Amino acid sequence: MSSSQASSFTKEPAVVYPQERFHISQPASPGSYLGPIDASLPGADKPPLLFQPFKVKDLTLANRVIVAPMCMYSSQDGFMNAFHMAHLGSFAIHGAGLILTEASAVQARGRISPQDAGIWSDDHIHKMKEIAEMVHAQGSKIGVQLAHAGRKASSQAPYSQPPPTEYWPDDVVSASGGEAFKWSDHYVAPRELSVEEIKETVRAFGEAAVRAAKAGMDTVEIHGAHGYLLHNFLSPVSNHRTDAYGGSLENRARFLLEVIKEVRSQFPAEKPIFLRVSATDWVEKVIDGPSWEIEQTVQVAKWAKEAGVDVIHVSSGGNVAQQQITAFPGYQVPFAERVKKEVPGLHVVAVGILTGGKQAEQVLEHEQADLIAVARGFLREPSFVLSAARELNVKAKLSQQYERGRRDK
Ligand SMILES: Cc1cc2nc3c(=O)[nH]c(=O)nc-3n(C[C@H](O)[C@H](O)[C@H](O)COP(=O)(O)O)c2cc1C
């Protein structure tokens, strides 16, 4: 599979019905604050922080809850389709403040599996634009996560068995190459990205940002976490290079910072940029020698802010198979808090087993983060935001088409 695959997709003649673009107007975004459910309860005189609007650059969210990016492994050749419209659209109908799409590959070889979404071709814009229009028509906001899977690419798609020809085992790339740098025995050995290919990949992120803007996306999130390509470069466990992209922290962060600057220069200035990072490799206790950890994350967050990142989304892990993670509700919040305290002016998203309104509200009250992201909670319950609202005594706006659901008769 060539990373430059772009224009050979099969096209059917387009039939355009303008009526398909009709949308009901929404007097307020679903999930926005309408008042307390019970005005006699303590604290009912003001909206909880979770239901106060959030503004960064020209992007205003109706509430502070974000749908975290979630790979659905439901695409062919990178295209989003009717499934993604229903999946992402449902979160908009049910009041999510911002929806981040799943990791969308900026190069074909940057997909985790053959079934990943992609944004490496202009042909991918069309469906993304339809989805963005639907989300906007509800009053919600949407951003696309720009990704390159690095050494975790060309791996098994979980719900389908594409033929071997759909994989690209000889073109899996990372900071350092060879058997020693396989993510695990179930993954292929990557080859080291050349400097020329690094520059190409930087440009691919920029071109993807242009496509995201053409699709009407409100933001883009650069995926620098979870052991994918940019994280492969950041971590001394996966990066043993001896050139300008390896060694010191400054060198290991060079690729990421070049990507950020390129995306910033290509994406409309009034729209914010998110960056997702892993705050630690979680291997201090199992690997001798340096690994990726929170001190470096804080330093890179400072550089990322200078390079143009507006919001940092603090996750963890995913880069080393031996990682030892003890996950519990809010387990990643201390990392978000640390970045928030040490990098003033950078907005911070907390994520990771944030299970309900009260817990999320506490994170905001304690100034550990500015925004809350939830992944599995939205799969269990697409109306996560509306449940969180009830928990916090908030009467939240429903989608106009769903307002009737309030009435018994
Ligand atoms: C089905 C699924 C797919 C995921 N795909 C992505 C992805 O595409 N990009 C990403 O950055 N994180 C991905 N994640 C991680 C989530 O965004 C999130 O950080 C993680 O699930 C922790 O949040 P939660 O406890 O609310 O689920 C995925 C998680 C799940 C459950």
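Roughly how many nanometres apart are two label points built 7 Å out from the Cα toward the Cβ at Gln161 and Val298?
Computed distance between label sites Gln161 and Val298 equals 5.1 nm.
Can you tell me the dipole magnitude for the stretch 83-168 around its Cα centre, using point charges on the Cβ only (Lys, Arg +1; Asp, Glu -1), in Debye to the nearest 20?
Numbers: 7 positive and 7 negative charges, 56 e Å.
Roughly 260 debye for the stretch 83-168.
When the chain is fully extended, how far beyond the present Cα-Cα distance does Glu270 get from Thr355, taking 0.36 nm per residue of separation? Don't jump to the answer; show the numbers that get you there.
Numbers: separation 85, 0.36 × 85 = 30.60 nm, distance 3.22 nm.
Value of the extension gain: 27.4 nm.
So if I place +1 on the C-beta of Lys and Arg and -1 on the C-beta of Asp and Glu, and nothing else carries charge, what would the dipole magnitude of the stretch 278-394 be about its Cα centre? I want it in debye, nearest 20.
I would put it at about 280 debye.
Stick to the Cα atoms of the stretch 208-308, pair each with every other, and give me the Kirkwood hydrodynamic radius in Å at one decimal. Could the numbers behind the result be given before it?
Numbers: mean 1/r = 0.0704 Å⁻¹.
Computed over Cα pairs of the stretch 208-308, the Kirkwood hydrodynamic radius comes out at 14.2 Å.
Count charges around Val144 for me, please; just the other residues with Cβ under 10 Å from its Cβ, Lys/Arg as +1, Asp/Glu as -1. Don't skip to the end; give the middle numbers.
Working: positive: Arg211; negative: Glu102, Asp218, Glu221.
Once all neighbours under 10 Å are counted, the net charge is -2.
On alpha carbon coordinates alone, what is the Rg over Rh value for the stretch 22-169, Rh being the Kirkwood radius? Kindly include the intermediate steps, with their values, before the conclusion.
Working: Rg = 18.4 Å, Rh = 16.9 Å.
For the stretch 22-169, the value is 1.09.
Mind putting a number on the dipole of the chain about its Cα centre? Charges go on the C-beta only, +1 for Lys and Arg and -1 for Asp and Glu, and I need it in Debye to the nearest 20. Intermediate results must be reported in sequence, preceding the final value.
On the way: 42 positive and 46 negative charges, 210 e Å.
That gives a dipole near 1000 debye.
Tally Lys/Arg at +1 and Asp/Glu at -1 over every other residue whose Cβ is under 15 Å from the Cβ of Glu20; what's the total? Numbers along the way, then the final one.
Details: positive: Arg21, Lys127, Lys129; negative: Glu130, Glu133.
In short, +1.
Which helices, taking whole DSSP H runs in the chain, have alpha carbons extending 24 angstrom or more along the helix axis plus mean Kyte-Doolittle at least -1.0? Before the final figure, lay out each step's value.
Numbers: long enough: 195-214 (29 Å, -0.15).
Result, helices passing both filters: 195-214.
In the chain, if the dipole is taken from +1 on Lys/Arg beta carbons and -1 on Asp/Glu beta carbons about the Cα centre, which of Ala44, Ile112, Val385 is farthest to the positive end?
Most positive-ward Cα: Ala44.
Need one number: nm distance between label points at Arg376 and Glu403, each 7 Å from Cα along Cα→Cβ, rounded to one decimal.
Spacing of the two 7 Å Cα→Cβ label points: 3.7 nm.
For the chain, what's the radius of gyration and Dmax over Cα atoms, in angstrom?
Gyration radius and largest Cα-Cα distance of the chain: 21.0, 71 Å.
Which of Val106, Val195, Val385 moves the most in a Gaussian network model of the chain with Cα springs under 10 Å?
Comparing Val106, Val195, Val385 in a Gaussian network model of the chain, the most mobile one is Val195.
Let me know the volume per residue of the alpha-carbon convex hull for the stretch 255-371, in Å³.
Working: hull volume 13.3 nm³, N = 117.
It comes to 114 Å³ per residue, whole-number rounded.
What's the local net charge at Ile198, with K and R +1, D and E -1, over the other residues with C-beta under 11 Å away? The partial results should precede the final answer.
On the way: positive: Lys199, Arg203, Arg241, Arg254; negative: Glu192, Glu196, Glu197, Glu200, Asp243, Glu258.
Its environment carries a net charge of -2.
With each pseudo-label sitting 7 Å past Cα toward Cβ, what's the Ser8-Phe22 distance in nm, one decimal?
In this crude label model, Ser8 to Phe22 measures out at 4.2 nm.
With each run of n ≥ 4 DSSP H residues scored as -39500 (n - 2.57), what mean residue ellipticity at 222 nm is computed for the chain after dividing by its residue count and rounding to the nearest 500 deg cm²/dmol?
Calculated from helices alone, the mean residue ellipticity at 222 nm is -8500 deg cm²/dmol.
Every number in this text was worked out from the coordinates using simple rules, so none of it is lab data. Since this is a predicted model, take the numbers as computed values, not measurements. Methodologically, a virtual Cβ is constructed for each residue, glycine included, from the backbone with ideal geometry; neighbour enumeration extends over all protein chains shown.
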